[in-house]
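The values are calculated or read from the model by the stated rules, or taken from the named source; none is laboratory data. All values derive from a computational prediction rather than experimental measurement. Cβ sites come from the backbone with ideal geometry, for glycine too, and all protein chains shown count toward neighbours.
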Amino acid sequence: MTSILKIGLTGALLCLLSFQAAAQNTKYKCMLQMSNYMGEGAYIVVSLVNAKGEYDKTLYVMGDDKKWHKTLKEWHKYYSKKPSDISAKTGASVTGGDRSITTIEIEDAKINKGYKLRFETAVEDHKYYTADLEIPLTTQGMAEKTEGKGYIRYVRLSKI
């Protein structure tokens, strides 16, 4: 009877430890430098996308006026199907030439598994970029400065 109890407790402990390891998150400081464009502040969403390019999770939204979230067209399609509370992940929009520093959390289990961070941008009366910038969620990709294609000049991540 005692050995059965020990085996059961050991099994439960191993399950708990493996669950805890799988659900581990790491915080990263995300420094975003905007290009020098003319116009209103950019609305930017930082999403975790899988290897197929499908949205997995919203990590951060820059632009707190909800009526403009629909200008982030591809993300808004995903978000409107699976709405979640993003208020804790929302900050001000960012204008041309400005710098923004935020903190994002990334699940350790997603690193080196084909995922990417997608930075989607929209500026009122200007071009929309579905993937202004994408960072491969690899050990090397997250250590490098990544250049943007539109309103974002570059993004640099650093582990906190």
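Rundown of residues vs (1) in contact with a helix residue (DSSP H, G or I) (Cβ under 6 Å, 6 or more places away or on another chain); (2) over 21 Å from Leu157 (Cβ atoms); (3) outside any helix (DSSP H, G or I), yes/no style:
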position: Gly53; (1), (2), (3): no, no, yes
position: Asp56; (1), (2), (3): no, no, yes
position: Trp68; (1), (2), (3): no, yes, no
position: Thr102; (1), (2), (3): no, no, yes
position: Ala109; (1), (2), (3): yes, no, no
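Within the range 114-128, the residues that satisfy the criterion of being surrounded by 12 or more Cβ atoms within 10 Å (Cβ to Cβ), on the phi < 0 side of the Ramachandran plot and out of contact with any helix residue (DSSP H, G or I) (no Cβ under 9 Å at 6 or more places or on another chain) are Tyr115, Phe119, Thr121, His126. State which residue is surrounded by the most Cβ atoms within 10 Å (Cβ to Cβ) when the search covers only the range 59-96 and only residues that are among the aromatic types (Phe, Trp, Tyr) and under 15 Å from the mean Cα position of the chain (by Cα). The selected residue is Trp75. Hey, does the range 14-26 have a residue that's modelled with pLDDT of 95 or more, surrounded by 15 or more Cβ atoms within 10 Å (Cβ to Cβ), hydroxyl-bearing (Ser, Thr, Tyr) and under 17 Å from the mean Cα position of the chain (by Cα)? Scanning the range 14-26, I find no residue that is modelled with pLDDT of 95 or more, surrounded by 15 or more Cβ atoms within 10 Å (Cβ to Cβ), hydroxyl-bearing (Ser, Thr, Tyr) and under 17 Å from the mean Cα position of the chain (by Cα), so the answer is no. Of the residues that make up the range 1-12, is at least one over 16 Å from the mean Cα position of the chain (by Cα), farther than 28 Å from Ser100 by Cβ, at pLDDT below 90 and in a loop (DSSP other than H, G, I, E, B)? Looking through the range 1-12, at least one residue is over 16 Å from the mean Cα position of the chain (by Cα), farther than 28 Å from Ser100 by Cβ, at pLDDT below 90 and in a loop (DSSP other than H, G, I, E, B). Going through (1) assigned to a loop (DSSP other than H, G, I, E, B); (2) free of Cβ contacts under 8 Å to residues at least 60 places away in the same chain; (3) closer than 16 Å to Lys149 by Cα one by one, Ala131 falls short only on (1).
Yes or no, residue by residue, for (1) over 23 Å from Tyr28 (Cβ atoms); (2) out of contact with any strand residue (DSSP E or B) (no Cβ under 9 Å at 6 or more places or on another chain); (3) at pLDDT 90 or above:
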site	(1), (2), (3)
Ala51	no, no, yes
Tyr55	no, no, yes
Tyr60	no, no, yes
Asp64	no, no, no
Leu72	no, no, yes
Ser80	yes, yes, no
Pro83	yes, yes, no
Lys89	no, no, no
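If you go through the range 27-72 and keep only what is closer than 10 Å to Thr90 by Cα, of a type in the set (A, V, I, L, M) and touching a Cys at 6+ places or on another chain (Cβ under 9 Å), you end up with just Leu59.
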